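A quick write-up on the structure given underneath.
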């Protein structure tokens with residue numbers, strides 16, 4: 001067994017670390033994916049209203065070049081997806097059946113423009129710069145739960161074990177294995193971690209303030225599990241308020257891996273940024289159950305070695321049709 005040691009971070013934005021254990025063998029499970037439209041897999045508790053739905057998005061019609069009169073124009077072939085893409089985009093949500101009574105639910109995040117970073121945050125959060133995302137994507141309504149991880153991977157590495165809680169103690173590299181298994185079982189979809197630009201855009205949900213709900217730290221407890229209300233543990237996903245786009249736990253519960261290597265920001269406007277080609281660590285975003293409010297903002301960012309893991313670090317899934 002190989003032990004890999006990393007440094008524990010300062011309570012601000014320094015390097016996090018932990019022990020990495022390679023699993024000797026993975027148990028494959030035969031999981032049937034049936035994609036259909038459904039409700040949120042992490043619905044709010046009874047008595048709370050459902051998250052607001054997104055407005056329909058009109059797709060551009062496909063323009064075919066005119067064909068000679070002697071040659072008939074062929075009928076367009078249907079996409080081989082369980083739910084037609086235009087239908088899913090118009091609905092603004094997507095639900096995938098994992099079997100065993102489990103679903104993984106996604107929210108459509110449309111393309112758009114936003115200002116990334118914060119001038120009054122940590123040094124890694126500025127300068128503030130313009131980012132344009134040109135492609136829509138589906139993002140997990142909730143963080144991946146222990147039940148979902150177990151259904152695909154056959155084990156549960158989490159310290160705070162409860163099937164309703166987010167999975168934690170998973171490295172960036174092990175997240176890639178989970179995503180690959182999703183892809184082999186639903187071949188018409190690509191599954192990845194969000195880039196940190198996609199993550200922050202989705203977290204803000206149009207907000208220009210520190211949090212999706214505004215600037216007041218006093219309201220954070222309504223939206224997130226963090227150091228002042230968590231009781232030093234994770235909690236079931238989706239039990240706090242969602243943001244304006246219907247996403248839960250973006251400011252707390254567990255921090256979330258992103259696709260990018262970590263790098264300092266520049267001032268130039270960017271389009272669909274994906275980070276550097278190589279660096280020391282992979283980015284994680286959002287707050288966790290052990291974080292202070294300053295670490296739970298939409299712009300807060302840090303990094304860890306790809307083989308590292310922690311008991312307040314998990315992930316959520318991004319999906320786009322192939």
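Mind checking which residues of segment 146-177 are assigned to a helix (DSSP H, G or I), in contact (Cβ under 8 Å) with a residue 24 or more places away in the chain and either touching a helix residue (DSSP H, G or I) at 6+ places or on another chain (Cβ under 6 Å) or farther than 30 Å from residue 111 by Cα (or both)?
Answer for segment 146-177, where residues must be assigned to a helix (DSSP H, G or I), in contact (Cβ under 8 Å) with a residue 24 or more places away in the chain and either touching a helix residue (DSSP H, G or I) at 6+ places or on another chain (Cβ under 6 Å) or farther than 30 Å from residue 111 by Cα (or both): 147, 151, 152, 153.
May I ask you to say which residue of 202, 224 is closer than 15 Å to residue 287 by Cα and in a helix (DSSP H, G or I)?
202
Kindly indicate whether any position in segment 261-280 is crowded, with 24+ Cβ neighbours inside 10 Å, touching a helix residue (DSSP H, G or I) at 6+ places or on another chain (Cβ under 8 Å) and either modelled with pLDDT of 95 or more or assigned to a strand (DSSP E or B) (or both).
No: segment 261-280 contains no residue that is crowded, with 24+ Cβ neighbours inside 10 Å, touching a helix residue (DSSP H, G or I) at 6+ places or on another chain (Cβ under 8 Å) and either modelled with pLDDT of 95 or more or assigned to a strand (DSSP E or B) (or both).
Given the options 183, 214, name the one that is surrounded by fewer than 18 Cβ atoms within 10 Å (Cβ to Cβ) and in contact with a strand residue (DSSP E or B) (Cβ under 6 Å, 6 or more places away or on another chain).
Result of the check over 183, 214: 183.
Find the residue count for segment 182-191, including only residues that are touching a residue at least 24 places away in the same chain (Cβ under 8 Å), part of a helix (DSSP H, G or I) and more than 17 Å from the chain's Cα centre (by Cα).
Adding up the residues that qualify gives 1.
The values are calculated or read from the model by the stated rules, or taken from the named source; none is laboratory data. Please read these numbers as outputs of a predicted model, since none were measured by experiment. Every residue, glycine as well, gets a Cβ built from its backbone with ideal geometry; the counts of neighbours run over all protein chains shown.
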